[in-house]
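One structure below.
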Amino acid sequence: MSKAFPTQEIGSLPKFGWRTKPFRQMGLDDEDLRSAKLWGERMSVPGTLRLLKLLSKRADFSEEEKKEIVDFSLLYAIRMCEMAGAELTEHQGLDLVWSGEQARTEMYETPVSNIGGFEFIGKVRSFDNKYWRMASIRGSPSYKNNYHIDELLFTQKHAKRKVKVPVTDAITIMAWSDNHYYTAKWAREKVSPLRKSFNARREFTLELAGIIRKVVRELIEGGVEEVQIDIPAATQYQSVDDIKLVAESFNETTKGLSATFSVHSCFPPAVGYEILFPQILEMKKCERFSFEYGNRDGYRRGVDDDARPGLTDLKLFKEYGYRKGLGVGVIHIHTDKLPSVGVVRDRILYAARATDLDPKELYVNPDCGLRTRKPEVAQRMLDLVVAGADKARGVSSSD
């Protein structure tokens, strides 16, 4: 980016009731139609009248109609990104956008549903009282189809800003699955139980990485400029070997490919992201790490360590001589409690001083995806990202 503190979303955005109910065999109500109209007009979404006419059916949508509803939800998400900040600052819109994963069930189920060898075994409760379907690997994974290409092509056609695609990595799919096939395979080997467990994880991960590499290659051929590799499970297994595997998996996924690659990770342990260092610096093609920090930070003003306790381990990047890009999460996304624009500005300025990175390489974003928030809250969070970055640029340019 050519300006200081460029802004980005990390992946998911909330889905409106009119987007989800048709797929749950639930009828739409007056509030769903009101919401579609209000947000469509607010964000000047093209074709809103067509959507309202479609939704007026309220139930019994055909597969073609459901597809059209999903397309409209993609448009709403794109506009949400491109209008971010409009109510708080004159420089509206995120610099790097995506369509909010509106075409996906969620970040785990969508890839697993499209990779051979998996069998769904039940639902598991995750954060914010959300549930996801867990799968068991029953044989070697195999490529079935590209589960993100249509989403990319639609977003490229309608977005006015630079586009990136978030792709769930092999480590996360492995960690969130039952490892039936590889555990049974390695049980026969004459090594320690700990080594058997790790070897099973590693083989599963690296075979998955080969499948995901094919998906990413086709996205690059489709014209994507940046691929964000999502690794929320990077710290789930905390041995040195497992942290090394996080980097090895990324390198295997991006091997032989040419594009801009970034990495997003969240859910750090109590000790923070230090557990990933220095191994994550072995991710050869990673041009930017995007980590969450806002969730551990306070709400008072200030740019010193006492005021910004959630961001102090940003100093790790400077200590290890890291000079590439960095995305700093400045909004805690698991609460509706919002910081002020001034606090967001201070978090950004603290990050700049703690890392000593070129402000053009220091990206600003929410901690993670916003799918668990209501649309009104999610929009306000994106507004704060854009407005906070704008305020920080004003300070930076006067230094």
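The figures follow:
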read-out	value
Filter result for Tyr293 (aromatic (Phe, Trp, Tyr), closer than 21 Å to Pro366 by Cβ, crowded, with 18+ Cβ neighbours inside 10 Å and without any contact (Cβ under 8 Å) to a residue 60 or more places away in the chain)	no
One residue from Tyr273, Tyr299 being closer than 28 Å to Ala378 by Cα, surrounded by 18 or more Cβ atoms within 10 Å (Cβ to Cβ), out of contact with any His (no Cβ under 8 Å at 6 or more places or on another chain) and aromatic (Phe, Trp, Tyr)	Tyr273
So Ile220, is it out of contact with any helix residue (DSSP H, G or I) (no Cβ under 7 Å at 6 or more places or on another chain), at pLDDT 95 or above and over 21 Å from Ile275 (Cβ atoms)	yes
Any hit, region 173-185, residues being within 30 Å of Glu68 (Cα to Cα) and either surrounded by fewer than 16 Cβ atoms within 10 Å (Cβ to Cβ) or touching a residue at least 60 places away in the same chain (Cβ under 8 Å) (or both)	yes
Matching residues in region 59-74 - criterion: being in contact (Cβ under 8 Å) with a residue 60 or more places away in the chain and either within 16 Å of Arg24 (Cα to Cα) or over 18 Å from the mean Cα position of the chain (by Cα) (or both)	Asp71
Sole residue being at pLDDT 95 or above, among the polar types (S, T, N, Q) and over 17 Å from Thr168 (Cβ atoms), chosen from Thr260, Thr253	Thr260
Tally, over region 5-25, of residues that are over 30 Å from Lys360 (Cβ atoms) and either among the aromatic types (Phe, Trp, Tyr) or part of a helix (DSSP H, G or I) (or both)	9
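Matching residues to (1) under 21 Å from Arg19 (Cα atoms); (2) part of a loop (DSSP other than H, G, I, E, B); (3) in contact with a Gly (Cβ under 7 Å, 6 or more places away or on another chain):
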site	(1), (2), (3)
Glu106	yes, yes, no
Val112	no, no, no
Gly117	no, no, yes
Lys123	no, no, no
Met134	no, no, yes
Arg138	no, no, yes
Asn145	no, yes, no
Glu151	yes, no, no
Val163	no, no, no
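The values are calculated or read from the model by the stated rules, or taken from the named source; none is laboratory data. This is a predicted model, so every value here is computed, not measured. Glycine also receives a Cβ, built like all others from the backbone with ideal geometry; neighbour counts cover every protein chain displayed.
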